[in-house]
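Notes for the one structure printed next.
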Amino acid sequence: MKKPQLKNRPKPISPKMHGMLDYSTVAAVAAAPALLDMPERATRLFQGLAGGYLGLSLLTDYPLGAKRKVPFKGHGMAEAAIGLALPAAPWLLGFQEHRAARNLCFGLTALTFVVAALTDWK
C-alpha cells in the first residue's frame, strides 16, 4: 500500500482566509492588554505588534490587502521572523511573571506557525 505524500496535499487556508485570520488577530492582540490587565511593557509590545500586523496586512499582495506592495511570501517570512522572536519577548521586556502576557506570546507563536503550515502560499 502506497503512503500518502503530505507535500502534495492541498493547503486549506487560502490567501483570502489568511487575510481574514490576520485582521482577526490584529483585533484580538490590540484588545488583549486591556482585557487581561497587562503591564505597561506588555501593553506596548502588543499594541505595536497589532499596529505592525495591521500595516503588513494592508500592504500585502493578497485579496484583503489595500495597497498590495508586499509579496504574499514576504508577508509569510515577516510573520515567521516575528513568531521566532515572540517567545523571548517576556524575558527581554521584563513581564515574564505576567502569565497571560507571557502565554499570549507563546500562543501567537504557535498560531503563526500552524497558520503558515496550512496556508497556500502560491
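Just a few scattered comments:
- In the stretch 94-118, the qualifying residues are those that are under 16 Å from the mean Cα position of the chain (by Cα) and not aliphatic (A, V, I, L, M), and the one that is least open to solvent (accessible area, probe 1.4 Å) is Cys105.
- Across the stretch 26-65, the number of residues qualifying as more than 20 Å from Leu93 (Cβ to Cβ) and either exposed (fewer than 15 other Cβ atoms within 10 Å of the Cβ) or in contact (Cβ under 8 Å) with a residue 60 or more places away in the chain (or both) comes to 3.
- Qualifying residue in the stretch 76-93 (condition: in a loop (DSSP other than H, G, I, E, B) and open to solvent by 60 Å² or more (accessible area, probe 1.4 Å)): no
The values are calculated or read from the model by the stated rules, or taken from the named source; none is laboratory data. The shown structure was predicted, so the numbers you read here are calculated from the model rather than taken from an experiment. With ideal geometry, Cβ positions are generated from the backbone for all residues, glycine too; neighbour counts draw on all protein chains shown. SASA here: full protein model, heavy atoms, side chains in, ligands and nucleic acids out. Shrake-Rupley method; radii C 1.70, N 1.55, O 1.52, S 1.80 Å.
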